[in-house]
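Everything on this sheet refers to the single structure shown next.
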């Protein structure tokens, strides 16, 4: 079981990632799940969320929380 958070900076970006009737998010999730299953050699349940977080790329604490160093 994997929960994935996709951060975007604007509401318009969120609309693009989700797509019409959720089609783009479904495509993203399906491709990601397939890659994870190949990597892990196991079935994976992938749950994707899209969240608007203004200026997240400039926020050191968020970058660190995601596992990256600034």
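The values are calculated or read from the model by the stated rules, or taken from the named source; none is laboratory data. Only a predicted model underlies this, so the values are computations on that prediction, with no experimental measurement involved. Counting neighbours? That spans all protein chains shown, and the Cβs are built from the backbone with ideal geometry, glycine included.
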Practice prompt. Name every residue in the range 53-70 that is in contact with a helix residue (DSSP H, G or I) (Cβ under 6 Å, 6 or more places away or on another chain) and either touching a residue at least 12 places away in the same chain (Cβ under 8 Å) or closer than 25 Å to residue 15 by Cα (or both), in order of residue number.
Written response: 56, 62
Item to complete: Of the conditions (1) in contact with a helix residue (DSSP H, G or I) (Cβ under 9 Å, 6 or more places away or on another chain); (2) at pLDDT 95 or above; (3) exposed (fewer than 13 other Cβ atoms within 10 Å of the Cβ); (4) in a helix (DSSP H, G or I), residue 17 clears all except one; give me its number.
Response: (3)
